[in-house]
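Following: one structure in structure tokens, then a few remarks.
Nothing in this text is a laboratory measurement; each read-out follows from the coordinates by a stated rule. Quantities reported herein were computed from a predicted structural model and do not represent experimental measurements. When we count neighbours, we look across all protein chains shown, and the Cβ atoms used for this are built from the backbone with ideal geometry, even at glycine.
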Amino acid sequence: MLAGNPGDAVIAVLPPRFGEATRRTLAVNAVMAGCLPVHLPVLEAAVRALARPELNLRGVNATTHCVAPLLIVHGEVARTAGYHGGRGAFGPGNRANAATGRALRLVLLHVAGATIGDGDASTQGGPAKYGYCVAENVDASPWPAYPTTIGVDTASAVTVHCGEAPHNVHDMESDDPARILDKVASAMATTAQN
């Protein structure tokens with residue numbers, strides 16, 4: 001998994017336990033989650049992002065709410081490493097999404113110490129806390145790739161956002177696009193509740 005790269009350098013220090021994440025600890029958790037070597041750079045980028053103070057990982061782990069880190073993989077690595085952003089992207093059936101999302105959760109459990117009751121105060125948890133990783137589907141989007149909109153000009157990127165699991169907006173009765181859009185807007189305007 002490490003392919004001759006040094007594994008002992010500290011990549012990030014992760015709260016709440018402030019454990020040191022090294023390439024070796026990332027590789028161990030990646031293997032346990034079923035990652036392939038091509039997924040390790042995505043996991044490493046996500047861990048580096050989680051350690052940034054403005055993300056407030058300590059607050060994410062300390063809240064009783066069910067928030068979890070969402071990884072969005074962009075660009076060339078999404079294509080070459082097999083990440084999926086189309087139909088069913090949040091469901092089962094894609095190794096890259098499932099394994100990388102699970103590997104990040106294992107890093108949070110084993111390195112950061114975000115275990116239920118001690119380092120993770122979530123009262124009920126949620127499916128996003130198991131694994132939460134998708135690819136940006138640029139081919140199906142009318143908008144430019146997200147990284148380019150914030151000034152990131154690289155072939156590949158990883159976005160980490162901490163939030164709730166996806167919310168389904170289901171409408172079986174509307175036949176007017178404006179009414180459907182009204183339901184979507186109403187769901188989007190609802191603030192997260194704990």
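Listed values, structure above:
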{"read-out": "Cβ crowding within 10 Å averaged over residues, with 51-59, 183-191 ranked highest first", "value": "51-59, 183-191"}
{"read-out": "For segment 140-194, average projected area of the Cα convex hull in nm²", "value": "6.0"}
{"read-out": "For segment 105-155 versus segment 17-55, the gap between their alpha-carbon centres in whole angstrom", "value": "12"}
{"read-out": "Gaussian network model of the chain, Cα within-10 Å springs - most flexible of Asp176, Asp153, Asp139", "value": "Asp176"}
{"read-out": "Förster radius 25 Å - calculated FRET efficiency between Tyr130 and Ser174, Cβ distance, rounded to 0.05", "value": "0.15"}
{"read-out": "Per-q log10 I(q)/I(0), segment 61-146, q = 0.13, 0.19, 0.20, 0.24 Å⁻¹ (Debye; single scatterer per alpha-carbon; no solvent)", "value": "-0.47, -0.84, -0.89, -1.09"}
{"read-out": "Rounded to 10°, Cα long-axis angle of helix 95-107 versus longest principal axis of the chain", "value": "60"}
{"read-out": "Net +/- balance of residues flanking Val28 in space, Cβ distance below 15 Å, scoring K and R +1, D and E -1", "value": "+1"}
{"read-out": "Folded to 0 to 90 degrees: helix 23-33 orientation relative to the chain principal axis, Cα", "value": "50"}
{"read-out": "Interatomic Cα distance distribution for the chain, bins of 5 angstrom, percent", "value": "1, 8, 15, 18, 19, 17, 11, 6, 3, 2, 1, 0"}
